[in-house]
Amino acid sequence: MKSRCDGRTVCELNANVFNPSDSCTGRKYLQTQYNCLLANHLITCEHSVAHLHCDEGLVISVYTADYGRRDKTTCIYGRPATQTQNDNCINPTSKVALSCNGKNTCNIKAINSVFGDPCVGTYKYLELAYACEYHDQPL
């Protein structure tokens, strides 16, 4: 659930994902708890640079970062349909947090040599959520 929902404003899940072999018939419910955190959302197309920045006196705290593709509509300009059809190839990554947490500004390139290639032949993007916090807050 974390990889599907963190950093998103809307999240839909199919309960069968969590226990597909459940023999229980009828209606099923998924109960969860969540906290909404104010975050800057940033999407950077493959081969472009993500620019994270905070106001003076604040530092970056990355909540989530995923490299790959989770839909057929993001970063599609000038791309053949064959490069955007695979929308189930997300690779959660800690590399953005490792590079950027605690800094006031940070640039990171959305490219396979940095994040690996979770889906060969698919045009990918880096999707992340981060907040700007005061230095004395835990990252």
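The values are calculated or read from the model by the stated rules, or taken from the named source; none is laboratory data. Fair warning: this is a prediction, and the values are worked out from it, not measured in the lab. Here the Cβ positions follow ideal geometry from the backbone for every residue, glycine too, while neighbour counts run over all protein chains shown. Areas reflect the complete protein model, heavy atoms only, side chains present, ligands, DNA and RNA absent. Shrake-Rupley method; radii C 1.70, N 1.55, O 1.52, S 1.80 Å.
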Once the whole set of protein chains is in place, how much accessible area is left on Val120, using a 1.4 Å probe, in Å² to the nearest 10?
130 Å²
Applying 1/(1 + (r/R0)^6) with R0 = 41 Å to the Cβ-Cβ distance of Leu38 and Ala81, what FRET efficiency is obtained, to the nearest 0.05?
0.70
For region 122-132, just list the computed ³J(HN,Hα) in residue order, Karplus coefficients 6.51, -1.76 and 1.60, θ = phi - 60°, integers in Hz, with x standing in for Gly and Pro.
9, 7, 10, 8, 9, 10, 9, 10, 8, 10, 10
Sticking with the crude label model, points 7 Å out along Cα→Cβ, report the distance from Ser113 to Ser48 in nm, one decimal please.
2.0 nm
Trypsin sites (Lys or Arg not before Pro) within region 32-74, DSSP loop, no more than 12 other Cβ atoms inside 10 Å:
Lys72
Run the quick spin-label model on Lys72 and Thr105: label points 7 Å from Cα toward the beta carbon, then report their separation in nm to one decimal.
4.0 nm
